[in-house]
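Please treat every number below as a calculation from the coordinates, not as lab data. This structure is a prediction, so every number in the text was calculated from the model and none was measured. Note that we place each Cβ from the backbone using ideal geometry, even for glycine, and neighbour counts take in every protein chain shown.
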């Protein structure tokens, strides 16, 4: 890393997160002034106006330009999604234990006034209005959580940057104008399309304005700059911006800058997170190769541009409600960059830029971008070794996705072979064909499997709320045998699968009606062709998944019930129910808890009995969810269905806090297992056994992703032979066991404990949370503890 | 030579652990099978539960939650209560079923009886990892060659499955026992603890002359042999011990090609807890080996053109 980038990083780390009211102010004004216009037009105009008016800045270290709010690490406010939490929490927002944001009294007062206008108009209120009383009641129990999706946009999407770079703003403007010209004014459908096209033209104009404003700002600063070297850089940036304000980029610099502008502006349009770059090494690779060849750029310069980009991305902030903050620990934006994999023809796609991206991300050690490497069996040993040497740095990146399961899985869904080969990670571990896939390939809605298991033992009654939404499936004291319990589980979990989709339908409808994303739709195929925005079914492909939490706990609980209650009878049925209700109180309760914990197999130890129960119990959910449709079904996209997903981010901690004691010997309120990883401290046979257990899950069906975090002691990577062993282990997991994903935390327990005690000293410590990395000090204390507790494999 | 001290009859093969993802007991990623029963029983042994050829109770009273499940008559009094304290009765035979009874894992049973096919099935679970990393299965102990027929059957089955095998051995066995193993392609990890008969006898239960002749035999006949020296303070860590041991290894007639590989395993006292849990005195407590000593070994090995690693 250059000295300048180190300075920029230090500055960014010591900058406090703040709240910026500009976007909220401009959006509110434009909405007010244009009330007769359809929503899609108002949103187009509001974005255009924001891009025309918002504060732009250039930091002295910047080599790549762009911003989403008036200062680095300032979070814009999106009142059209939700205001309830803002009104309730804004006064205390600088006092939060996790992720505080600073705001002056004036800003707080202005936001409250802005919120006043939005009362009764927000996404959240509209979504609730669409929920039936029964669903509203069910949602209130938090067995299913959809708050993230009612208080912000969908996100989890990548636009078609390959095409965007080929056409530029002008090319897209022509496409939209041509589509507009072909409409039939007597058609109801075309009337709707017309509104979308007009909005698209507005946002394209806004984009040009924004880029041109940056050209002007850089030019003005260049003229005022005393240092000739910096003046030249500013002049060059001005030139780059001017070149791409309407026309398509011609060089690596221009192509990177255009990609970054789009990435940032999309995050002004919507606060849906996991807005991803797709395959950055692929669409920028040819510009890089050409410029290297002609000598227009050298490797070091290109690397510094990338480093500057990563700082830019880390300066983007999203302020969430305090409850949603617990689910997304560390304030992540999950801006994913994917490299590697095979190309559309099936050959190794790794290029010079792939290595440079890997290297630059490894040097910066930031939380953004969230870097994913697409593994495939033909990946060169050299590239895998490079990836391992970045893993060794211990900030949790890169994560791996596996072409060997994702591509066949996509074919199974009906994606074309070339598109399947062109997939990228979105956000954390989930995948989509960038630029052709709808929102939320996974995310934003959580089903707590352990709440469902507990109520399965109690004839459908949820002990936390006292409610029974599906009574009559029997209770632990009445089940004839273990199979009867599994039958009841199937009925219950399928009921909650349908309920989660029922909630989704309401929320998706509200999102479609109130907050369509015009810019994102413009750059996603085939919204222009169909004249539909993404929520109306504009995307070529559109599958979604929610997230299921507590996978390992489910299997561990079921096997303990099977073995200790039903088979051996060493634990009585009523005895267990009582112990769960009173959280294993008293010495006898503790003995019973230890029995559940130590005398039954645990997921993650390559034990077929428990592993197969995880597979079976999860399949009951999958069978049902695969039958259900999202709101775009039959409206254009290929698919329109659901699949399961385990990328539960940090929600295992808050979800655990809402579950009482469980039959795996887990105390009430403690975290659930994260993602699809084993429960903390229960994988005792090392990483190969964990891989074997995970490998038994049907990755081609659990297409929202199978998330596996492994923590290795730094000692296991000391020698070149050790690193080669890690590479071999990763290859085996992917080639032979068909794993979906793995990522590593290589930070010793001692370091984490020290960082918890003295956060200031470790302010740059980045750790893997679950599918993404976060600054350790930004995590809530209970999430910090959860990360410390995860089993560290060593020898 | 005292091979083992069990008396007559057919004994079931015993292992006390199967450890996956081992990266320091031979090349690549390995699964290590630890046999129970060892003729040498060195005083510094870091796996004291590996020595006896019978099931043994490891008991950590601090973890006992007093559930009394282990006192059930079906366990034949292997655990009993003395003055209100639950503890092992080491005069009694340990029943197999005792292994699964303790909820808090205060009580564990070292050793389980195994059959060839079941053990092979268990150890090849990670075969895919072996194949990609150049690893395999390592038989260790205890002393694997102390159960030679069983070991040979395992090795033959593994060879048929294409799984590379290593044996970690002290070679304190009859030479005749070794011969059939030398017919197989095995990575040998051979202990060289000392060459001095007197010294050897004071701290182990073995006869150095036969060990030495076995080391020569294996070196002469096997394709892949590496040497391991447990470096024990007060036993073999002096400069003259070092020169003697390394000099001996250097002098061996070797069939293996390439440089001589010596792995030094410095003494540690991590087994103290296990001695306590076995109800035995810890026969050897010393300070750890200093960095200076290790440097001396590295230097000496270097001057003999040997490759020396520390700790596998």
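Tabulated results
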{"quantity": "Whole-number percent relative contact order across chain A, with pairs defined as alpha carbons under 8 Å at least 6 apart", "calculated": "15 percent"}
{"quantity": "Centre separation in Å (Cα based) which lies between the range A:1-49 and the range B:169-216", "calculated": "75 Å"}
{"quantity": "Within 10 Å of each Cβ in A:521-530, the average number of Cβ atoms from other chains", "calculated": "0"}
{"quantity": "Exposure proxy order (Cβ contacts within 10 Å, fewest to most) of B:227, A:334", "calculated": "B:227, A:334"}
{"quantity": "Between the range A:91-111 and the range A:667-683, the alpha-carbon center distance in angstrom", "calculated": "33 Å"}
{"quantity": "For B:129-136, mean number of other protein chain Cβ atoms within 10 Å", "calculated": "6"}
{"quantity": "Among beta bridges that DSSP assigns inside the protein assembly as shown, antiparallel share in %, nearest 5", "calculated": "35 percent"}
{"quantity": "Euclidean distance between Cα centres, the range B:246-298 to the range A:477-505, Å", "calculated": "58 Å"}
{"quantity": "Computed [θ] at 222 nm, deg cm²/dmol, chain B (DSSP H ≥ 4; -39,500 (n - 2.57); rounded to nearest 500)", "calculated": "-8000 deg cm²/dmol"}
{"quantity": "Residue-averaged [θ]222 nm for chain A, counting only DSSP H segments that reach four residues, each worth -39500 (n - 2.57)", "calculated": "-15500 deg cm²/dmol"}
{"quantity": "When the protein assembly as shown is reduced to its Cα atoms, the Kirkwood hydrodynamic radius in Å", "calculated": "31.9 Å"}
{"quantity": "Sequence ranges A:108-116, B:209-217, ranked by mean other-Cβ count within 10 angstrom, highest first", "calculated": "B:209-217, A:108-116"}
{"quantity": "Taking the range A:365-426 and dividing mean pair separation by its residue count, relative contact order in percent (alpha carbons under 8 Å, at least six apart)", "calculated": "36 percent"}
{"quantity": "10 Å Cβ neighbours from other chains, averaged over peptide A:725-732", "calculated": "6"}
